[in-house]
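What follows is a short report on a single structure.
The values are calculated or read from the model by the stated rules, or taken from the named source; none is laboratory data. This one's a predicted model, so the numbers in the text were calculated from it and none came from an experiment. Here Cβ is always computed from backbone atoms with ideal geometry, including for glycine, and neighbour counts include all displayed protein chains. To get the accessible areas, we keep the full protein, side chains included, count just its heavy atoms, and leave off ligands, DNA and RNA. Shrake-Rupley method; radii C 1.70, N 1.55, O 1.52, S 1.80 Å.
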Amino acid sequence: MEALLGAVREIPAQVAPGAVGYPSLFLLVAFGALVPVVPTGALVSAASAVAFHRSPPALPLLLVFAVAALAAFLGDLLLYWLGQRGGRSRSGSRWLERMRERAEPDRLETARRKLDEHGVTVLVVSRLVPAGRIPVMVACLLSRVPVRRFVRGAAPACLVWTATYQMIGILGGSLFPEPWQGVAAAVGLTLMVGAVPSAWRRLRPVQVPR
């Protein structure tokens, strides 16, 4: 009986962090999809590192995955809808213009070419490449890709993106015994992964056309 009472007393302590953390994770990831100033990948990795240290970790990790993937998908879908509205009405044109301003011309041209070659499956890769999501989304808007077709690419893209950053978080969480150490490692790994493509582009020698 005493063991049962002790378990009941522990329930609020176990539920309270999740009750606050999961809605916050959802809002931050969805907001980051709309306004790409929030490091959403680092958020997912940090939340996964914390979930890894819960006992047992399976359910918290599953909840982090579901919440982050749903938030990323809904954020992408809302941003695409706003971009479509911008293409159809003068009042909404500022959304499309802002999205085009975020996309560098060379990246936008590459995104349009990849979209023509591979269709909406290019959204999966764009979600994993730093600063690659917006150019592909703008390319979809300029090509007038229907929402249903966009969803077929965005849904698996968000699942793969969430799984990738969750694995980084689990790796960071497994390296250290304390949750805060795992969070620091996960965020560091996320920033390192995000910096590699940019560093490669800067260090790659410029090819002079013959």
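Solvent-accessible surface (1.4 Å probe) assigned to HIS118 amounts to roughly 100 Å². Over all distinct Cα-Cα pairs of the range 18-189, the Kirkwood formula returns a hydrodynamic radius of 16.5 Å. Among ARG133, ARG149, the sequence by solvent-accessible area, most first, with a 1.4 Å probe is ARG149, ARG133. Among 120-126, 60-66, 31-37, 178-184, the peptide with the highest mean count of other Cβ atoms within 10 Å heads the list, and the full ranking is 120-126, 60-66, 178-184, 31-37.
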